[in-house]
Amino acid sequence: MGIAENLKKIRTEIPGEVCIIAVSKFKPLDDILAAYQTGQRDFGENYVQEMVIKAENLPQDIRWHFIGHLQRNKVKYIAPFVTLIHSVDSLKLLAEIDKQAAKQQRKIECLLQVHVADEETKTGMSPEELVEILENKALDDFSNVKVKGIMGMSTFTDDLNQVKKEFETIVSLFERAKQVYPDFSEISMGMSGDYLLAVACGSTMVRIGSTIFGTRK
Ligand SMILES: *Cc1c(COP(=O)(O)O)cnc(C)c1O
């Protein structure tokens, strides 16, 4: 199946309110355009330089989601155009995004990434750090970022029970955050291997790469 068919199939599986983010890392411009032509507008990238080059060379109405680990010294390159940064893992990073957003006279939307998986390789703040941020109302210090919710990744495993538990942990952290910040509206969780389960557990944004574009090298 091709990119357009893959996307159309996924759209039939997921309620319309859930945002499908087509994760296009390592994929060429033509693949992104093939998805774009089906009406896809939300794309996710993991690397700053790659996202900048793609944004410069593709239609301006694409909504770019940054989903990879973000270094503070690189925020300035994506600040002019990024739609949503999913991978905020510290207040220091949030402060830098706030500063660069102010320079661009923008308000940048962000999610706080929490680490709930078993693997060390996955990034994000611990649930304890998140709770501390909430208890201190630390998000109130920033006027040029708008934090809209939580992002998380499950462990890479065939054990769907474990994945489900991790998704439920993400959702419960979201609920807890929403008590302090009632405007929170987004839970970004679910990838190619687990997006149906993620949606069943309450995800509002799924980040799907290989099921749309094929496997990556
Ligand atoms: C690569 C990546 C995805 C997409 O992964 P697939 O398994 O190809 O769907 C989603 N989220 C993050 C954070 C990623 O790095």
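The values are calculated or read from the model by the stated rules, or taken from the named source; none is laboratory data. Note that this is a predicted model, so its numbers are computed, not measured. Every residue, glycine as well, gets a Cβ built from its backbone with ideal geometry; the counts of neighbours run over all protein chains shown.
Looking across the stretch 60-90 at every residue that is in contact with an Asp or Glu (Cβ under 8 Å, 6 or more places away or on another chain) and in a helix (DSSP H, G or I), the one that is surrounded by the fewest Cβ atoms within 10 Å (Cβ to Cβ) is identified as 72.
Restricting attention to the stretch 1-58, report how many residues are in contact (Cβ under 8 Å) with a residue 12 or more places away in the chain and within 16 Å of the ligand (Cβ to nearest atom).
Filtering the stretch 1-58 down to residues in contact (Cβ under 8 Å) with a residue 12 or more places away in the chain leaves 2-4, 6-8, 10, 13-15, 17-27, 29, 31-38, 40-52, 54-55, 57-58.
If we keep only those that are within 16 Å of the ligand (Cβ to nearest atom) as well, we get 3, 6-7, 10, 13-14, 18-27, 31-32, 35, 40, 42-51, 54.
Residues flagged as in contact (Cβ under 8 Å) with a residue 12 or more places away in the chain and within 16 Å of the ligand (Cβ to nearest atom) within the stretch 1-58 amount to 31.
For (1) surrounded by fewer than 18 Cβ atoms within 10 Å (Cβ to Cβ); (2) on the phi > 0 side of the Ramachandran plot; (3) out of contact with any Phe, Trp or Tyr (no Cβ under 6 Å at 6 or more places or on another chain), each residue gets a yes or a no:
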| position | (1), (2), (3) |
| --- | --- |
| 2 | yes, no, yes |
| 5 | yes, no, yes |
| 14 | no, no, yes |
| 20 | no, no, yes |
| 26 | yes, yes, yes |
| 29 | yes, no, yes |
| 37 | yes, no, yes |
| 50 | yes, no, yes |
| 56 | yes, no, yes |
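For the stretch 128-166, taking the residues that are of a type in the set (Lys, Arg) and more than 20 Å from residue 206 (Cβ to Cβ), the one that is farthest from the ligand (Cβ to nearest atom) is identified as 137. Right, residue 117: at negative phi, away from the ligand (no atom under 16 Å from the Cβ) and of a type in the set (Gly, Ala, Ser) or not? In short, no.
Looking only at residues in the stretch 173-189 that are in contact with a helix residue (DSSP H, G or I) (Cβ under 6 Å, 6 or more places away or on another chain) and farther than 20 Å from residue 162 by Cα, the one that is farthest from the ligand (Cβ to nearest atom) is 180. Only residues that are of a type in the set (Ser, Thr, Tyr) and under 21 Å from residue 138 (Cβ atoms) were counted across the stretch 95-124, and they come to 1. Applying the condition of being out of contact with any helix residue (DSSP H, G or I) (no Cβ under 7 Å at 6 or more places or on another chain) and surrounded by fewer than 17 Cβ atoms within 10 Å (Cβ to Cβ) to the stretch 144-157 and asking which residue is nearest to residue 85 (Cα to Cα) yields 146.
Restrict the check to the stretch 158-165 and report whether at least one residue is closer than 16 Å to residue 199 by Cα, buried (at least 20 other Cβ atoms within 10 Å of the Cβ) and at pLDDT 95 or above.
Scanning the stretch 158-165 turns up at least one residue that is closer than 16 Å to residue 199 by Cα, buried (at least 20 other Cβ atoms within 10 Å of the Cβ) and at pLDDT 95 or above.
Of all residues in the stretch 190-217, exactly one satisfies the criterion of being in a loop (DSSP other than H, G, I, E, B), more than 9 Å from the ligand (Cβ to nearest atom) and surrounded by 21 or more Cβ atoms within 10 Å (Cβ to Cβ), namely 203. Checking each residue in the stretch 167-189 for being in a helix (DSSP H, G or I) and surrounded by fewer than 23 Cβ atoms within 10 Å (Cβ to Cβ) picks out 168, 169, 171, 172, 173, 175, 176, 177, 178, 179, 180.
Counting the residues of the stretch 104-114 that are within 13 Å of the ligand (Cβ to nearest atom) and either among the β-branched types (Val, Ile, Thr) or without any contact (Cβ under 8 Å) to a residue 60 or more places away in the chain (or both) gives 2. For residue 62, the stated conditions do not hold, so it cannot be described as among the hydrophobic types (A, V, I, L, M, F, W, C) and either touching a helix residue (DSSP H, G or I) at 6+ places or on another chain (Cβ under 6 Å) or within 16 Å of the ligand (Cβ to nearest atom) (or both).
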